[in-house]
Amino acid sequence: MSSMMSSMSLGMSSSLSSRSSLSSRPCIRASRRQQIHAAVSAQASSKQQQGTVRPTPPVNPRDGSAHEFQFLVANANFMLNDVQNESMAEQLRERVRYYGEMEYAVDFALVCEPEWLEKNVPADQLAKLGRPAVALVSTEKDWMVFMRLRLDRVISGSFNATWEEATKGDSEKIPDFPPQKWIAPYSPYAKGWWEKFLPENVN
């Protein structure tokens, strides 16, 4: 009887030990993941403090050579004066601020009646495009995808050109927009907000 009890005790002890070992493994793995995460975070933090982590600068399109430009184009009233696009001014201003902070060359501009329009927009879409037209052009594809989603009702595409070719248009054709009904609880952007983003004013 004593032998039997001893055997049962040993068996239960072995079983409990096994269960304890198994149950502790997830904790060990979780602890290991936490250690790895902490190490990676510490390394990234150290690099940032040393100034070694920096986003890859965008292409400078003003180097005289041809680059792939993305464009978004619509009629001037929609691009510059439509209440649905009142956030566009802030998007462009924030982009300029960020580029200045990072010491990047501004790689976008607003172009009124661009000379490349007929060559790069299909005829059926061109026929539906109100005039005068205004295009946002840039070499930053990811940002232009973002802006395409924000603006929505625009024609998009791309072409290869130099900065001078991509931004050649006629800013004098931007119309004098009539006053619009504004119902938002805050004031609209001042008329002419777009002027600093025209090719002749982009630094």
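The values are calculated or read from the model by the stated rules, or taken from the named source; none is laboratory data. All values reported here derive from a predicted model rather than from experimental measurement. Here Cβ is always computed from backbone atoms with ideal geometry, including for glycine, and neighbour counts include all displayed protein chains. For accessibility, only protein heavy atoms count, side chains too; no ligands or nucleic acids. Shrake-Rupley method; radii C 1.70, N 1.55, O 1.52, S 1.80 Å.
The table below gives the values:
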| quantity | calculated |
| --- | --- |
| So Gly169, is it in contact with a Cys (Cβ under 9 Å, 6 or more places away or on another chain) and farther than 18 Å from Asn81 by Cα | yes |
| Selection from region 97-115 of residues that are open to solvent by less than 20 Å² (accessible area, probe 1.4 Å) and either touching a strand residue (DSSP E or B) at 6+ places or on another chain (Cβ under 8 Å) or closer than 22 Å to Asn75 by Cα (or both) | Asp107, Phe108, Ala109, Leu110, Val111, Cys112, Pro114 |
| Any chance Glu94 is outside any helix (DSSP H, G or I), open to solvent by 30 Å² or more (accessible area, probe 1.4 Å) and not aliphatic (A, V, I, L, M) | no |
| Criterion: within 24 Å of Asn203 (Cα to Cα) and in contact with a Ser or Thr (Cβ under 8 Å, 6 or more places away or on another chain) - qualifying residue of Met79, Met144, Met102, Met88 | Met144 |
| Region 146-174: number of residues that are in a helix (DSSP H, G or I) and within 20 Å of the chain's Cα centre (by Cα) | 6 |
| Looking only at region 123-162, and only at residues there that are free of Cβ contacts under 8 Å to residues at least 60 places away in the same chain and closer than 12 Å to Val73 by Cβ, the one that is most open to solvent (accessible area, probe 1.4 Å) | Lys128 |
| Qualifying residue in region 125-145 (condition: in contact with a helix residue (DSSP H, G or I) (Cβ under 8 Å, 6 or more places away or on another chain), closer than 30 Å to Pro57 by Cβ, among the aromatic types (Phe, Trp, Tyr) and in a loop (DSSP other than H, G, I, E, B)) | no |
